[in-house]
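J.: Handing you a structure now.
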Amino acid sequence: MLLGRSAIHLRTMTIRSYVPTGTIGKRLARAKALQLQIQQLEAELSADREFLLAHMQRHRLERIETEGLRVVLKTRHNWSYSAHVDGLGLQLRQLQLDEQALGVAQDRPKSYVSLTAVG
């Protein structure tokens, strides 16, 4: 395995459990509750979006406005490509992996927090 100019660093991560009565535990519990609320609201909003989409398409509306809310009909394009272009994409991905292995590519990691409600 070639490392090239950049070294690969492995970090040791610590996993901790917190009691729900401490400061961190309370924040974690609140984050979990908010994440569950967000999931519920996203599900409700999804149903409303589907209803509004069908209504706007049926009545050929481009925009609906009410106090504090504007709904605009938009189109998202989902392109599919020929086998040739897809093959070029695979070749590009392999070239990227090769540069990573050779240490030519530069990694710029960024830390963030991912919240997922469980149980």
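J.: At q = 0.16, 0.22 Å⁻¹, work out log10 I(q)/I(0) for the range 44-111 with the Debye formula, treating every Cα as an identical point scatterer and leaving solvent out; two decimals please.
T.: -0.73, -0.96
J.: Please calculate how many Å² of accessible area the range 33-91 carries per residue, with a 1.4 Å probe and no DNA, RNA or ligand atoms counted.
T.: Spelled out: the 1.4 Å probe surface of the range 33-91, per residue, equals 97 Å².
The values are calculated or read from the model by the stated rules, or taken from the named source; none is laboratory data. The structure presented is a predicted model; accordingly, all values stated were derived computationally and were not measured. With ligands, DNA and RNA removed, areas are computed over all heavy atoms of the protein, side chains included. Shrake-Rupley method; radii C 1.70, N 1.55, O 1.52, S 1.80 Å.
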